[in-house]
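Q: Quick one: the structure is below, questions incoming.
The values are calculated or read from the model by the stated rules, or taken from the named source; none is laboratory data. Quick caveat, the model's predicted, so the values are computed rather than measured. Virtual Cβ from ideal backbone geometry, glycine too; neighbours counted across all protein chains shown. Accessible surface is based on the protein model in full, side chains and every heavy atom, while ligands, DNA and RNA are left aside. Shrake-Rupley method; radii C 1.70, N 1.55, O 1.52, S 1.80 Å.
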Amino acid sequence: QVQLVESGGGLVQTGGSLRLSCAASGRTFSGYHIGWFRQAPGKEREYVAINWSSGGSNYADSVKGRFTISRDNAKNTLYLQMNSLKPEDTDVYYCARYRGGTYYFNNSYDIWGQGTQVTVSS
């Protein structure tokens, strides 16, 4: 069974940067499409970005130009570089494996990590 584990969250000031990691078990990581979502308490899980196994990526408008996905298939790891962070980026961030359907809907993903907290202070 594939497992995803996020890390790299923390506390950062407005305008700062963080890099999140999503480490996957399994030998077929290179074939996975992996998405990032975020969620604040009491709110819906919100789409952030997806990295296709072919190498392309798509970003939500709210993070476009500030966040960048990269992948290291040799390490079975996906990264989310977050720059120019804002207080409204404060959330728990999750990575998940895309299984099909509309990529910005969270029910299109079947395996989720446990999440990592990102807090941006003003």
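Q: Taking the criterion of being aliphatic (A, V, I, L, M), at pLDDT below 95 and within 16 Å of the chain's Cα centre (by Cα), would at least one residue in segment 6-18 satisfy it? I'd like the intermediate steps shown before the answer.
A: First, pick out the residues of segment 6-18 that are aliphatic (A, V, I, L, M): 11-12, 18.
This time we only want the ones that are at pLDDT below 95, so: none.
No, segment 6-18 contains no residue that is aliphatic (A, V, I, L, M), at pLDDT below 95 and within 16 Å of the chain's Cα centre (by Cα).
Q: While we're here: Out of the residues in segment 48-62 that are open to solvent by 20 Å² or more (accessible area, probe 1.4 Å) and small (Gly, Ala, Ser), which is farthest from residue 76 (Cα to Cα)?
A: At the first step, the residues of segment 48-62 found to be open to solvent by 20 Å² or more (accessible area, probe 1.4 Å) are 52-59, 61-62.
Those still in the list that are small (Gly, Ala, Ser) too: 53-57, 62.
Numbers: 53: 12, 54: 15, 55: 14, 56: 17, 57: 17, 62: 27 Å.
Selected residue: 62.
Q: Here is a follow-up. Give the residue that is most open to solvent (accessible area, probe 1.4 Å), with candidates limited to residues of segment 79-94 that are in contact with a Gly (Cβ under 7 Å, 6 or more places away or on another chain) and farther than 15 Å from residue 44 by Cα. Spell out the reasoning first.
A: Residues of segment 79-94 that are in contact with a Gly (Cβ under 7 Å, 6 or more places away or on another chain), as a first pass: 84-85, 92-94.
Those left that are additionally farther than 15 Å from residue 44 by Cα: 84-85.
Working: 84: 64, 85: 1 Å².
In this case the residue turns out to be 84.
Q: Anything in segment 82-107 that is touching a residue at least 12 places away in the same chain (Cβ under 8 Å) and hydroxyl-bearing (Ser, Thr, Tyr)? List them, or say none.
A: Of everything in segment 82-107, those that are touching a residue at least 12 places away in the same chain (Cβ under 8 Å) and hydroxyl-bearing (Ser, Thr, Tyr) turn out to be 84, 90, 93, 94, 98, 103, 104.
Q: Across segment 1-22, what is the total count of residues that are open to solvent by less than 40 Å² (accessible area, probe 1.4 Å) and small (Gly, Ala, Ser)?
A: Start the filter on segment 1-22 by keeping residues that are open to solvent by less than 40 Å² (accessible area, probe 1.4 Å), which leaves 2, 4, 6, 8-10, 12, 16, 18, 20-22.
Remaining after also requiring small (Gly, Ala, Ser): 8-10, 16, 21.
Adding up the residues that qualify gives 5.
Q: Let me ask another. Quick one: is residue 45 open to solvent by 50 Å² or more (accessible area, probe 1.4 Å) and closer than 17 Å to residue 117 by Cβ?
A: When the stated conditions are applied, residue 45 passes them.
Q: Something else now. Would you mind stating whether residue 66 is surrounded by 12 or more Cβ atoms within 10 Å (Cβ to Cβ) and without any contact (Cβ under 8 Å) to a residue 60 or more places away in the chain? Walk me through it before giving the result.
A: Details: surrounded by 12 or more Cβ atoms within 10 Å (Cβ to Cβ): yes; without any contact (Cβ under 8 Å) to a residue 60 or more places away in the chain: yes.
Against the criterion (surrounded by 12 or more Cβ atoms within 10 Å (Cβ to Cβ) and without any contact (Cβ under 8 Å) to a residue 60 or more places away in the chain), residue 66 qualifies.
Q: May I ask you to list pairs of residues, at least six apart or on different chains, whose Cβ atoms are under 6 Å apart, with the first in segment 31-51 being at pLDDT below 95 and the second being of a type in the set (D, E, K, R) and open to solvent by 30 Å² or more (accessible area, probe 1.4 Å)?
A: Pairs found: 32/97.
Q: Output the residues belonging to segment 41-66 that are touching a Phe, Trp or Tyr at 6+ places or on another chain (Cβ under 7 Å), part of a loop (DSSP other than H, G, I, E, B) and either on the phi > 0 side of the Ramachandran plot or of a type outside the set (D, E, K, R) (or both).
A: 53, 60
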